[in-house]
Amino acid sequence: MLMIGWTTLATREEAENLARKLVESRLVACAQIDGPIRSLYPWEGKVEAADEWRLTLKFLATHHRAVEKSVLAAHPYTTPEWIVVRAENVSEKYLSWVKANSST
């Protein structure tokens, strides 16, 4: 089963460093970085606005907890975004590639 997780980081370098760590450890098979994106959110009683970089991670369901632990441990934010969904439909060829590029 393929999972897709998202988080955001303040700089492209932070996003790339986290992505590289997760891909090199084979916890995720693919990491994609988008941005900058503009985020608006309430924080400590005020509406804040910040440019961020979105990190999208693709990984096996068996790695879900390990990926979450790694993301949250390395994340510089006090309250990092961490959202995960299960991919409903994934081509067999892509899923085979993810399995081949993930640790067991």
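The values are calculated or read from the model by the stated rules, or taken from the named source; none is laboratory data. Source: prediction; values computed, not measured. Heads up, the Cβs are rebuilt from the backbone with ideal geometry, glycines too, and the neighbour counts pull from every protein chain shown. These area figures cover heavy atoms from the full protein model, side chains too; ligands, DNA and RNA do not enter into them. Shrake-Rupley method; radii C 1.70, N 1.55, O 1.52, S 1.80 Å.
Using Cα positions and a limit of under 25 Å, work out the lysines in reach of LYS46, with same-chain residues fewer than 8 apart set aside.
none
Over the chain, calculate the relative contact order: mean separation of alpha carbon pairs under 8 Å at least 6 apart, over the residue count, as a percent.
For the chain, the relative contact order is 42 percent.
Once you charge only the Cβ atoms, +1 for Lys and Arg and -1 for Asp and Glu, what is the size of the charge dipole of the chain about its Cα centre, to the nearest 20 debye?
Taking the Cα centre of the chain as origin, the dipole is about 420 debye.
Just going by the charge dipole of the chain, with Lys and Arg at +1 and Asp and Glu at -1 on Cβ, which of ALA29, SER70, VAL85 is farthest out on the positive end?
Going by the Cα projections, it comes out as ALA29.
Quick one, which of (1) 41, 13, 10; (2) 37, 16, 11; (3) 26, 14, 12 is the actual semi-axes √(5λ) of the Cα gyration tensor in Å calculated for this model?
(3)
Roughly speaking, to the nearest percent, how much of segment 4-104's 1.4 Å accessible area is carbon and sulfur?
51 percent
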